[in-house]
Amino acid sequence: MNNKRCYYEVLEVSREATEGEIKAAYRKQALKYHPDRNPGDKAAEECFKEASEAYEVLRDPEKRDIYNRYGHEGLSGRGFSGFQGFDDIFSNFGDIFEEFFGFGGRRRGTRSQRGSDLRYDLSLSFMEAAFGCDKEIEIRRREVCETCRGTGCAEGTEPAVCRHCGGSGQISQNRGFFTVRTGCPYCRGEGRTIPNPCAKCRGQGTSHTRKKVTVRVPAGVDTGQRLRLSGEGEGGPQGGMPGDLYVFLEVKPHDFFQRDGKNVICRVTISFVQAALGDSVPVPTISGEKNLTIPKGTQPGDILTFPGEGIPSLRGGGRGDQIMQVMVKTPVNLTKEQERLLTEFAELEKNKFTSRIKKLFGKSA
């Protein structure tokens, strides 16, 4: 049972709140419960975490849409695990905290900046999506500079303590009765500068490179879903943690099969003789060919099913079904003998029909 409170209730906004209203509501909560204003208060800390998690979701249009549709379970099913700790919060929202009241710089100076996430659009065949596969892709990303090993410094040199903030990563400013701390603009909150930057990466600690990555595609994926490859994004400046790689999937259409959730849909064409007398015909499935029993008297548009021959469930629990709509083909270019036999059959059907009409109106045959 998920005991998390509604994110809109946490920030005290309506479900129709604009981006500006959500930001203002979060500012109010963050001002009230920020750890620097409530030292040692565990309850305030939990409220701050809760508000930060709510804001992280509602400020992101994609996450907000998933939450509006499916709630907390929908987010957890797509890899969102909630509040990840103060380092990630201050890294992601550092500019917001500085805009609000100068917080954030203290945290920045204690850790390297995380690298950027990357996106890759991957096209899959119908069968690759159905049964899963390994796909090797090539991405262009920033990695730790081989020359300076991520330090950003030229060989034989070291970073220097920022002379403006004394290495704290923040500068104090008096604003009325308050002393507000902001991130140091000279060292960008790092607390250090690089007097002699590496010639290859120009002090960034990373350089562009191309890398081949193997993407393990699970069985049952569909268009619009994405895979997350942790740590395969760009390397962080000054040796920071790498970001993630998000692989967005697109499944190509199949010539014979269509997909409806876990079910596979197709059409099977038979002759009118097979429809009338019944038959057994070979039909393709995504697992291979299988014989389909055509019952006597099958009508055009009838539905026949192969249970368990559909798409494997992405979360386990078996496969869907293959659902087949029967199409009856009218013969053309008949021989004289075929025409004669069909004419005889038509006369028999005509006599049966006439008898049924006479009985309907109470007339004797």
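For every residue, the table says whether it meets (1) more than 30 Å from GLY132 (Cβ to Cβ); (2) in contact (Cβ under 8 Å) with a residue 12 or more places away in the chain; (3) part of a strand (DSSP E or B).
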{"site": "CYS266", "(1), (2), (3)": "no, yes, yes"}
{"site": "PRO284", "(1), (2), (3)": "no, yes, yes"}
{"site": "GLU289", "(1), (2), (3)": "no, no, yes"}
{"site": "GLY297", "(1), (2), (3)": "yes, yes, no"}
{"site": "GLY301", "(1), (2), (3)": "yes, yes, no"}
{"site": "THR305", "(1), (2), (3)": "no, yes, yes"}
{"site": "MET327", "(1), (2), (3)": "yes, yes, yes"}
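The lone criterion from (1) more than 18 Å from the chain's Cα centre (by Cα); (2) under 30 Å from GLY152 (Cβ atoms) left unmet by ASP244 is number (1).
Okay, residues lined up against (1) in contact with a helix residue (DSSP H, G or I) (Cβ under 9 Å, 6 or more places away or on another chain); (2) outside the structural domain of THR209 (by TED's automatic domain parsing); (3) part of a loop (DSSP other than H, G, I, E, B); (4) surrounded by 14 or more Cβ atoms within 10 Å (Cβ to Cβ):
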{"site": "ARG119", "(1), (2), (3), (4)": "no, no, no, no"}
{"site": "LEU122", "(1), (2), (3), (4)": "no, no, no, yes"}
{"site": "ALA130", "(1), (2), (3), (4)": "no, no, no, yes"}
{"site": "GLU136", "(1), (2), (3), (4)": "no, no, no, no"}
{"site": "ILE139", "(1), (2), (3), (4)": "no, no, no, yes"}
{"site": "ARG142", "(1), (2), (3), (4)": "yes, no, no, yes"}
{"site": "GLU146", "(1), (2), (3), (4)": "no, no, yes, no"}
{"site": "GLY150", "(1), (2), (3), (4)": "yes, no, yes, yes"}
{"site": "TYR186", "(1), (2), (3), (4)": "no, yes, yes, no"}
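Looking at GLU9, GLU46, GLU19, just one residue is out of contact with any Ser or Thr (no Cβ under 7 Å at 6 or more places or on another chain), at pLDDT 90 or above and surrounded by fewer than 18 Cβ atoms within 10 Å (Cβ to Cβ), and that residue is GLU9. Of everything in the range 238-259, what is part of a loop (DSSP other than H, G, I, E, B) and either of a type outside the set (A, V, I, L, M, F, W, C) or at positive phi (or both)? Give them in sequence order. Of everything in the range 238-259, those that are part of a loop (DSSP other than H, G, I, E, B) and either of a type outside the set (A, V, I, L, M, F, W, C) or at positive phi (or both) turn out to be GLY240, PRO242, GLY243, ASP244, LYS252, PRO253, HIS254, ASP255.
In the set (1) more than 30 Å from THR209 (Cα to Cα); (2) surrounded by 13 or more Cβ atoms within 10 Å (Cβ to Cβ); (3) modelled with pLDDT of 85 or more, the condition left unmet by ALA154 is number (1). Here the condition is being in the same structural domain as VAL217 (by TED's automatic domain parsing) and either modelled with pLDDT of 95 or more or more than 22 Å from PHE126 (Cα to Cα) (or both); of LEU249, LEU304, it holds for LEU249 alone. Looking only at the range 270-281, decide whether some residue is in a loop (DSSP other than H, G, I, E, B) and in contact with a Ser or Thr (Cβ under 8 Å, 6 or more places away or on another chain). Yes: the range 270-281 contains one or more residues that are in a loop (DSSP other than H, G, I, E, B) and in contact with a Ser or Thr (Cβ under 8 Å, 6 or more places away or on another chain). Residue check: ASP321 meets all listed conditions (1) closer than 30 Å to ARG202 by Cβ; (2) free of Cβ contacts under 8 Å to residues at least 60 places away in the same chain; (3) touching a Phe, Trp or Tyr at 6+ places or on another chain (Cβ under 8 Å) but one, namely (1). Which members of the range 307-340 meet the condition of being under 31 Å from the mean Cα position of the chain (by Cα), modelled with pLDDT of 95 or more and farther than 15 Å from ASP260 by Cα? Result: no residue meets the conditions.
Out of curiosity, is ARG202 loosely packed, with under 14 Cβ neighbours inside 10 Å and either in a loop (DSSP other than H, G, I, E, B) or not assigned by TED's automatic domain parsing to the domain that holds GLY132 (or both)? Yes. Only one of the numbered conditions (1) in the same structural domain as THR147 (by TED's automatic domain parsing); (2) part of a strand (DSSP E or B) is not met by GLY235, and that is (2).
Please state which one of ARG259, ARG216, ARG228 is out of contact with any Phe, Trp or Tyr (no Cβ under 7 Å at 6 or more places or on another chain), of a type in the set (Lys, Arg) and surrounded by fewer than 19 Cβ atoms within 10 Å (Cβ to Cβ). Steps first, answer last, please.
Working: ARG259 fails: surrounded by fewer than 19 Cβ atoms within 10 Å (Cβ to Cβ); ARG228 fails: out of contact with any Phe, Trp or Tyr (no Cβ under 7 Å at 6 or more places or on another chain).
Residue meeting the stated conditions: ARG216.
The values are calculated or read from the model by the stated rules, or taken from the named source; none is laboratory data. Not measured: the values here are computed from a predicted model. Positions of Cβ are generated from backbone atoms using ideal geometry, with glycine treated the same way; all protein chains shown enter the neighbour counts.
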